[in-house]
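Below you'll find the structure, written out as structure tokens, and then a few comments.
The values are calculated or read from the model by the stated rules, or taken from the named source; none is laboratory data. Just so we're clear, the structure is a prediction, and the values are computed from it rather than from any experiment. No Cβ is skipped: glycine too gets one built from the backbone with ideal geometry, and neighbour counts run over all protein chains shown. Side chains are part of the model used for accessible areas, which takes the heavy atoms of the whole protein and leaves out ligands, DNA and RNA. Shrake-Rupley method; radii C 1.70, N 1.55, O 1.52, S 1.80 Å.
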Amino acid sequence: MAGSGHAALRSGDRTLLSVRDLVVEFPISRRERVHAVSGVSFDVAEGETLGIVGESGCGKSTVARAIVQLNKITSGVVEYSGTDLAQLDGEALRKVRPELQMIFQDPISSLNPRRRIRDVITEGLSIWNEGSGSWTQERIDELMNAVGIDPKFGDRRPHQFSGGQCQRIGIARALALDPKVLICDEPVSALDVSVQAQVLNIIEDMKARYGLTILFISHDLSVVKNVSDRIIVMYLGKVCEIGSAEEIYARPRHPYTRALLASIPEPAETVDPSEGNIIGELPSPMNPPTGCRFNTRCPHATDICFTEEPLVAAVDGSDHFVACHHPVEIAVSVGA
Amino acid sequence: MGQPLLSVRDLQVRFPTTRGLVQAVNGVDFDIERGAMLGVVGESGCGKSVTAKTLMNLLPRTAEVSGEITFDGEDVRAIARSRRKHFWGVKMTMVFQDPMTSLNPVKRCGEQIAETLRYHLNMGHDEAMARAVDLLEQVGIPEPARRVRQFPHELSGGLRQRVVIAMALACEPELLIADEPTTAVDVTVQKRLLDLLDELRRDRGMSMILITHDLGVARGRCDEVAVMYAGRLVERAATEVLFSDARHPYTSALLRTIPRIDQPSHTRLEPIEGRPPELIRPADQCAFAPRCRHAQADCLDGIPAVVDNADGRIFACRYPANTEDGRRSYLANEAAGRTVTGLEIAQPKETN
């Protein structure tokens with residue numbers, strides 16, 4: 001597994017966000033570094049929802065945070081509408097930020113408990129000097145209605161709302177500045193299933209209503225499948241597989257993608273349940289394996305996987321990309 | 001099968017708080033046969049963990065418990081003080097959600113397992129340590145002899161949970177209660193832990209209660225599943241029956257609310273509108289009625305009786321899903337555009 005390379009990048013005017021060779025490393029001592037993201041490239045077309053899946057430590061959240069420049073990028077390019085965000089700083093970066101908004105995993109801790117929710121939602125606008133005036137208040141009311149929070153509760157504080165309602169307030173806050181891109185980092189993992197459905201539906205509604213482009217990060221494969229047009233599977237800081245949501249689930253090529261699909265409690269029909277029995281533990285990101293990063297656990301690994309890193313390459317010239325020396329041939333696999 | 005290993009009747013648990021008495025568990029009944037796996041599912045606050053803690057005698061002293069808990073023919077709530085300390089932790093043990101908080105961070109893993117053996121079974125230090133290595137091997141930890149000397153922080157989440165499972169198995173329990181054992185771990189690790197628990201249960205003929213909010217986990221692993229809502233058990237049936245032909249509208253709504261991997265992308269999900277009721281002074285009505293698409297006027301008049309047609313399932317509903325009555329009540333609500341509780345029914349849906 002473990003892919004670098006630009007094969008999956010599309011050219012065209014519709015590309016809104018393009019990430020190339022993104023590397024994020026965190027120093028933990030004078031000698032050692034955590035290789036959180038190592039050479040990831042992908043792009044997001046305007047109006048598309050891109051899902052990123054992978055297990056803890058695969059770098060999916062780091063990618064999200066690096067795009068909005070919450071983490072310092074070690075190297076690489078994050079191009080948004082033709083500008084490299086990694087090269088911007090100070091006022092220039094501040095000017096772009098309203099266009100890229102984020103919602104987080106824990107809805108309660110991402111709201112200031114001491115503030116009224118109307119103020120929480122208005123704050124972005126106040127910062128841009130649009131916080132007063134009846135037009136703004138109308139817009140806030142409209143947003144609150146859109147996410148299903150009655151505007152008359154605007155004077156309440158976060159603790160008076162449930163987790164699902166707090167997440168909806170978080171969405172309203174993110175949308176207040178009329179962003180182009182919404183980055184959702186595990187937005188439903190802290191919620192109960194009935195509430196999860198409400199929040200996922202709202203994200204879909206908001207996408208349609210405000211023409212958003214969404215980057216949706218989750219460890220839950222069924223949730224990602226439900227909201228995404230395209231999906232990236234990541235493992236240990238690298239891309240394994242990129243393709244349309246239907247394609248990734250119908251014809252998974254990478255052994256790691258297949259292992260994930262076989263591990264969920266009700267496994268996908270396109271893989272054999274035994275493929276979920278991957279051996280060993282996740283290697284340390286301080287000292288990742290050379291060659292393919294999945295080589296320590298991959299049932300198909302051969303010598304080349306230990307010496308040479310597989311590049312992201314198109315499967316039969318389609319828009320399904322896989323980074324593997326031995327991608328699984330679908331013809332011989334179960335149920336395909 | 002003879003008498004069940006564990007039998008719970010009319011279990012009630014109340015907690016006094018400054019705002020009033022919280023009815024956390026309100027009349028729960030179930031049996032577990034030897035060697036069986038019962039799944040308990042429900043959302044946060046439905047009382048599934050409180051039920052587990054009641055069985056394990058882990059509730060705070062202020063809790064008011066009533067009802068019968070019979071384990072192997074013996075009334076658990078009346079066990080003599082002298083025998084108590086070697087009942088819980090020996091015959092009945094529990095695995096918790098977060099392995100890091102159930103392990104002592106400043107003690108080596110091996111010692112924590114050996115401690116159980118020395119306390120309950122009076123083993124000597126060396127014998128207990130040797131047994132700890134054995135146990136780690138049984139739960140599939142590689143290099144057990146090295147791992148016993150490690151501290152919890154040196155292990156990954158999956159390995160830590162295996163250590164906790166090893167501790168729970170140390171005294172060869174007859175019943176293992178696992179409360180969300182895989183919620184804090186990744187899917188590949190989850191599969192391995194559940195496979196392990198399944199295997200251990202079969203090898204030892206142990207019974208298990210698996211508490212989970214994940215319906216998929218319950219479906220894949222349990223013989224029988226109980227669904228809880230607002231402190232009550234609303235439906236209980238054999239796993240396949242429950243998932244293919246649910247009777248309680250809450251069960252069927254829960255099943256429809258989860259995204260499924262075999263559905264196309266952007267399939268509209270059906271959330272359950274509203275929120276669970278307050279557990280302080282609950283109204284004398286079906287707790288699910290305000291959120292139920294089947295609700296009729298008499299649903300607001302008293303708690304529905306438990307229906308037991310002796311077909312291996314029970315449910316507490318007057319207009320059950322997948323039946324003629326249920327369909328009629330739903331169609332009536334759909335025609336009116338709303339239920340008696342004011343829940344709006346927007347678009348027409350096919351049967352449920």
Compute the acute angle (0 to 90°) between the alpha-carbon long axis of helix B:187-204 and the principal axis of greatest extent of the alpha-carbon atoms of chain B; round to the nearest 10°. 70
Fraction in percent of alpha-carbon pairs per bin - 10 Å, chain A: 6, 25, 32, 23, 11, 3, 0
Euclidean distance between Cα centres, the stretch B:123-138 to the stretch A:47-108, Å: 49
Alpha carbon centroid spacing (whole Å) that separates the stretch A:285-322 from the stretch B:10-69: 49
Which whole-number percent gives the relative contact order of the stretch B:182-256, counting Cα pairs below 8 Å spaced six or more residues apart? 17
Given unit charges at Cβ for Lys, Arg (+) and Asp, Glu (-), the dipole magnitude of the stretch A:219-336 about its Cα centre in debye, nearest 20, is 240
Here the relative contact order (percent) of the stretch B:249-352, from C-alpha pairs under 8 Å and at least 6 apart, is 23
With DSSP loop assignment and no more than 16 other C-beta atoms within 10 Å, the trypsin sites (Lys or Arg not before Pro) in the stretch A:51-104 are A:72
For peptide A:218-225, compute the average count of partner chain beta-carbon atoms within 10 Å of each residue's beta-carbon. 4
Taking every DSSP beta bridge that has both residues in the stretch A:117-267, what percent is antiparallel when rounded to the nearest 5? 55
So, with +1 on the Cβ of K and R and -1 on the Cβ of D and E, and no other charges, what is the size of the charge dipole of the stretch A:10-66 about its Cα centre, to the nearest 20 debye? 280
B versus A: buried accessible surface, summed, Å² (probe 1.4 Å, to nearest 100): 3300
How many Cβ atoms of partner chains, on average, are near each residue of B:208-216 if near means within 10 Å of its Cβ? 2
Per residue, what accessible area does the stretch A:29-90 have, given a 1.4 Å probe and all protein chains present, in Å²? 41
If you bin every alpha carbon distance in the protein assembly as shown into 20 Å steps from zero, what whole percent lands in each bin? 16, 47, 33, 4
Charge tally in the Cβ shell below 15 Å around residue A:59, where Lys, Arg are +1 and Asp, Glu are -1, residue A:59 excluded: -1
Formal net charge of residues neighbouring residue A:299 (Cβ-Cβ distance under 10 Å; K, R +1; D, E -1): +1
Report the charge-dipole magnitude of the stretch A:123-183 in Debye, nearest 20, computed about the Cα centre from +1 at each Lys and Arg Cβ and -1 at each Asp and Glu Cβ. 240
Long-range amide H partners of residue B:234, meaning residues 5 or more apart or on another chain whose placed amide H is closer than 5 Å, are B:227, B:228, B:229
Could you let me know the centre-to-centre spacing of the stretch A:164-225 and the stretch A:15-40, using Cα atoms, in angstrom? 26
Among A:215, A:200, A:252, whose Cα sits farthest toward the positive end of the charge dipole of the stretch A:189-260 (+1 at Cβ of Lys/Arg, -1 at Cβ of Asp/Glu, about the Cα centre)? A:252
Can you list the residues, at least 5 places off or on another chain, whose amide H is less than 5 Å from the amide H of residue A:251, using H built in the peptide plane? none
With every protein chain present, what is the per residue accessible area of the stretch B:89-168 (1.4 Å probe, Å²)? 45
Could you run the Karplus curve 6.51 cos²θ - 1.76 cosθ + 1.60 with θ = phi - 60° over the stretch A:78-84 and give me ³J(HN,Hα) per residue in whole Hz, x for Gly and Pro? 10, 9, 10, 6, x, 10, 7
Among B:113, B:42, B:212, which residue has its Cα positioned farthest towards the positive end of the charge dipole of chain B, with +1 placed on the Cβ of Lys and Arg, -1 on the Cβ of Asp and Glu, and the dipole taken about the Cα centre? B:113
dims of the stretch A:135-256, Cα set, principal axes, largest to smallest, nearest Å -> 51, 28, 24
May I ask for the net charge around residue B:40, where only other residues with Cβ less than 14 Å from the Cβ of residue B:40 are counted and Lys, Arg are +1 while Asp, Glu are -1? -3
Tell me whether the stretch A:1-151 comes out rounded, prolate or oblate; compute the Cα gyration tensor, take square roots of the eigenvalues as a ≥ b ≥ c, and use a/c under 1.5 as the rounded threshold. prolate
Relative contact order %, the stretch B:6-76, counting alpha carbon pairs below 8 Å whose residues are six or more apart: 44
Rounded to 5, percent antiparallel among DSSP beta bridges of chain A: 60
With every protein chain in place, the residues of the stretch A:171-217 shedding 10 Å² or more of accessible area versus the chain by itself (probe 1.4 Å) are A:192, A:193, A:194, A:196, A:197, A:198, A:200, A:201, A:204, A:205
Summing -39500 (n - 2.57) over the DSSP H runs of n ≥ 4 in chain A and dividing by its residue number, what mean residue ellipticity at 222 nm do you reach, to the nearest 500 deg cm²/dmol? -8500 deg cm²/dmol
Across peptide A:259-270, what mean number of C-beta atoms from other chains lies inside 10 Å of a residue's C-beta? 5
HN-Hα couplings for the stretch A:33-40 via Karplus (6.51, -1.76, 1.60; θ = phi - 60°), in whole Hz with x for Gly/Pro, come out as 9, 8, 8, 6, 9, 10, x, 9
If you roll a 1.4 Å probe over the protein assembly as shown with all protein chains in place, what percent of the accessible area is carbon or sulfur? 49
